[in-house]
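Asks: The structure follows.
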Amino acid sequence: MAAGMPIEITGLSKRFGQVTAVDDLSFTVEPGRVTGFLGPNGAGKTTTLRVLLDLERATTGTATFGGTRYRDLPRPLETVGASLDANFHPGRSAKQHLAVYATAAGLSKSRVPAVLETVGLSEFAGRRVGGFSLGMRQRLSLAYTLLGDPGVLVLDEPVNGLDPEGIRWIRGFLQSLAHEGRTVLVSSHLLSEVQQSVDDIVIISRGRLVKSGPLSSLELEVAPRTVVDSPDRLRLAGALDQAGLEYTEDGEGFVVDEPDPGRVGHAAFVAGVELSALHRVTSGLEDSFLSLVGGGEQA
Ligand SMILES: Nc1ncnc2c1ncn2[C@@H]1O[C@H](COP(=O)(O)OP(=O)(O)OP(=O)(O)O)[C@@H](O)[C@H]1O
């Protein structure tokens, strides 16, 4: 296996005519970890990956593997495995696809059985791909990326369309690749799809970096709030107003922009209002993600 090396994106911009698909983007992806490359549809993920893999020219900036551009890598297919643009011929078997690709790419065909085994397709090796489910096609795409035994994997939406068993499988698969010291970059437009699989996140929106770091850092993005309720909501609202606390009303009661339930309870106590609920709420990862990217698609 080739050594894992960092992916370094520095001041990268890509314009298509009037459209700025990627806008002064910088981030680093470390070896030995699985990194989720996240953003809504149209955020610029695929364009970034295409520039990284030399399928598009950057307008400005650089995208490298340990300081070397893809086109300057001495043995690119044994350094980087990428799952962009996999096309399958329905009449060919999984084994034939991999053998044809290995020959065309100058890689040894001897790894074909091993990569089929790794992605769990050994028993379907001789079957025509035309009859494959989406999940099996995803596994075959992953098999391609492993043929050169690369230290870096760049996977575009590998979880898209997988069933829960496929998602469980890919989680273990990605983690085992990272534990071997490989650099694993996985794009997705849904945090929920990859949040069990990734160690780090890079979030982009409208071509710009919104956040990068450990997945756990996302939890701190949206400040905790307090939920409070009373049999007499009208008086509770008055008590909150009196204390100068901001709130919104929902099915559970009032959601107060105050992390300390003690302060909210005190406001109710001072006004003599009985409470039926009082607790702190932290938002989930998905809420943090949506609040960072603005919640919508940008295509
Ligand atoms: N070849 C192209 N010519 C013109 N505009 C393009 C081209 N490729 C991408 N774009 C535009 O660049 C923006 C970013 O697209 P990109 O495909 O990189 O986003 P994405 O985050 O990968 O989204 P998706 O998950 O939907 O593929 C979009 O507005 C898209 O329409």
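Asks: Quickly run through the stretch 28-46 and pick out the residues that are surrounded by fewer than 18 Cβ atoms within 10 Å (Cβ to Cβ) and modelled with pLDDT of 95 or more. Talk me through it step by step, then tell me what you get.
Replies: As a first pass, look at the stretch 28-46 and keep what is surrounded by fewer than 18 Cβ atoms within 10 Å (Cβ to Cβ): 28, 30, 32, 41.
Residues satisfying the conditions are THR28, GLU30, GLY32.
Asks: Does ARG33 fit the bill of being within 12 Å of the ligand (Cβ to nearest atom), among the basic types (Lys, Arg) and under 18 Å from the mean Cα position of the chain (by Cα)?
Replies: Values: within 12 Å of the ligand (Cβ to nearest atom): no; among the basic types (Lys, Arg): yes; under 18 Å from the mean Cα position of the chain (by Cα): yes.
Answer is no for this residue.
Asks: Have a look at LEU25, LEU55 and point out the one that is over 16 Å from the mean Cα position of the chain (by Cα), buried (at least 21 other Cβ atoms within 10 Å of the Cβ) and more than 9 Å from the ligand (Cβ to nearest atom).
Replies: Working: LEU55 fails: buried (at least 21 other Cβ atoms within 10 Å of the Cβ).
Unique residue meeting the criteria: LEU25.
Asks: Considering only the stretch 170-187, I want to know if a residue exists there that is within 15 Å of the ligand (Cβ to nearest atom), surrounded by fewer than 23 Cβ atoms within 10 Å (Cβ to Cβ) and not hydroxyl-bearing (Ser, Thr, Tyr). Steps first, please.
Replies: Initially, the stretch 170-187 is screened for residues within 15 Å of the ligand (Cβ to nearest atom), giving 185-187.
Filter once more, so that each one left must be surrounded by fewer than 23 Cβ atoms within 10 Å (Cβ to Cβ): none.
There is no residue in the stretch 170-187 that is within 15 Å of the ligand (Cβ to nearest atom), surrounded by fewer than 23 Cβ atoms within 10 Å (Cβ to Cβ) and not hydroxyl-bearing (Ser, Thr, Tyr).
Asks: If you check SER110 against the conditions, is it more than 25 Å from VAL34 (Cβ to Cβ), out of contact with any helix residue (DSSP H, G or I) (no Cβ under 7 Å at 6 or more places or on another chain) and surrounded by fewer than 15 Cβ atoms within 10 Å (Cβ to Cβ)?
Replies: Criteria met by SER110.
Asks: Then there's this: Of the conditions (1) under 20 Å from LEU174 (Cβ atoms); (2) out of contact with any Gly (no Cβ under 8 Å at 6 or more places or on another chain); (3) away from the ligand (no atom under 16 Å from the Cβ), THR48 clears all except one; give me its number.
Replies: (3)
Asks: Are there strands (runs of 3 or more DSSP E) fully within the stretch 15-129 with at least 3 residues that are outside the structural domain of SER187 (by TED's automatic domain parsing) and of a type in the set (D, E, K, R)? List them.
Replies: Details: elements: 19-29, 34-38, 60-65, 80-82.
No strands (runs of 3 or more DSSP E) qualify here.
Asks: Can you tell me which residue is surrounded by the most Cβ atoms within 10 Å (Cβ to Cβ) among those in the stretch 204-234 that are among the hydrophobic types (A, V, I, L, M, F, W, C) and touching a helix residue (DSSP H, G or I) at 6+ places or on another chain (Cβ under 6 Å)?
Replies: Step one: filter the stretch 204-234 for residues among the hydrophobic types (A, V, I, L, M, F, W, C), giving 204, 209-210, 215, 218, 220, 222-223, 227-228, 234.
Checking the rest, the ones that are also touching a helix residue (DSSP H, G or I) at 6+ places or on another chain (Cβ under 6 Å) come to 210, 218, 222, 228.
Values: VAL210: 18, LEU218: 23, VAL222: 18, VAL228: 28.
Among them, the one singled out is VAL228.
The values are calculated or read from the model by the stated rules, or taken from the named source; none is laboratory data. It should be emphasised that the depicted structure is a prediction, and the values quoted were computed from it without experimental measurement. We place every Cβ from the backbone using ideal geometry, glycine too, and count neighbours over all the protein chains shown.
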